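Remarks on the structure that follows.
Read-outs throughout are calculated quantities, based only on the coordinates presented, and are distinct from any laboratory measurement. Since we're looking at a predicted model, the values are computed, not measured. Every residue, glycine as well, gets a Cβ built from its backbone with ideal geometry; the counts of neighbours run over all protein chains shown.
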Amino acid sequence: MTSSPAPVSPPVFDPIPDIRLIAADMDGTLLDDADELHEHLWPLIDELHRRGITFCPASGRQYDNLRARFEDVAGSVVFIAENGAYVIRDGYEVSSDCVDLEVVGRLVGTARDLAARGADIGVVVCGKRAAHIERTDPPFRAEVDKYYLSLEVIDDLTRVDDDVLKVAVFDFGSAEATTAPAFESFRSTHQVVVSGQHWMDVMSPTANKGEGIRALQRALGVSPAQTMVFGDFLNDLEMMDAADYSFAMDNAHPLLRERARYVAPSNAENGVVRTISSVLGLAWSS
């Protein structure tokens, strides 16, 4: 009989590091497997704010979606949305990194060609004002609605009138195996990132969560040595390079575990809250 791996325990540092910025991915990291935020997160954010430590959800999700999830503490946190392409603090843009509309048209065309060959995919063109879709069947809408609160249905995604932050493709099969290879030709000029089992994102070549963290560090006057980050998937890779205290969740993709300096308990074990509490010597570590 094969034994189960031993559970990961949150680390303890002596002395306690001078952390000023903490960023955490959402899906597979801060959210549990039921898509819920742990009840202990809210008093933790309040305590971090009291100590002058900025907490930042850093996600591929839309800003409006993140803002709604953190509505009660929105004044105490900053947001990295759209995989680093859009950074918002106190309702104001810290940075953005958009995709040229001509490139958006080519990306949509590539997705249409892939769908014509039988791939079960749908496209979301993610703008500052709203996310835009053509496909409207209930299974696709159910997936899109999880991540995009401001959503517009249009007839032609090649004619979006918005500042486009990224183009996302949902694959009902495997994004890593099917969708990403079809967009290989864009890798030389853009970020092509598998951000989950079913999602692939294409962004500006300079847009990623690591750059989002660095934009916040500049805005807040914070160094990498004062930064802690948490992630689980490939769209979190660059974020690991922007912080001295970089944590892969125990459930993380193997490549992310290799890139991070430390490992935190899994998202199902409230790993982010427990690790922050342990590292900073706070009370609620369960």
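With respect to the stated conditions, Ala23 is touching a Lys or Arg at 6+ places or on another chain (Cβ under 9 Å), touching a residue at least 24 places away in the same chain (Cβ under 8 Å), small (Gly, Ala, Ser) and not in a loop (DSSP other than H, G, I, E, B).
A count restricted to the range 80-113 and to residues that are within 17 Å of Arg218 (Cα to Cα) and surrounded by fewer than 24 Cβ atoms within 10 Å (Cβ to Cβ) stands at 9. Apart from one condition, Arg257 fits all of (1) in contact with a helix residue (DSSP H, G or I) (Cβ under 9 Å, 6 or more places away or on another chain); (2) farther than 20 Å from Arg61 by Cα; the exception is (1). Filtered by the rule that a residue be part of a loop (DSSP other than H, G, I, E, B), within 18 Å of Ala111 (Cβ to Cβ) and not β-branched (Val, Ile, Thr), the range 180-194 gives Phe183, Arg187, His190.
Consider Arg69 carefully, then state whether it is among the basic types (Lys, Arg) and either crowded, with 21+ Cβ neighbours inside 10 Å or farther than 30 Å from His132 by Cβ (or both). For Arg69, the condition - among the basic types (Lys, Arg) and either crowded, with 21+ Cβ neighbours inside 10 Å or farther than 30 Å from His132 by Cβ (or both) - is not met.
Count of the range 133-161 residues, restricted to those that are under 19 Å from Gly173 (Cβ atoms) and either of a type in the set (Lys, Arg) or touching a residue at least 40 places away in the same chain (Cβ under 8 Å) (or both), is 5. May I ask you to verify whether Leu280 is closer than 16 Å to Asn83 by Cβ, out of contact with any Phe, Trp or Tyr (no Cβ under 8 Å at 6 or more places or on another chain) and not aromatic (Phe, Trp, Tyr)? No; evaluated as a whole, the condition is false for this residue.
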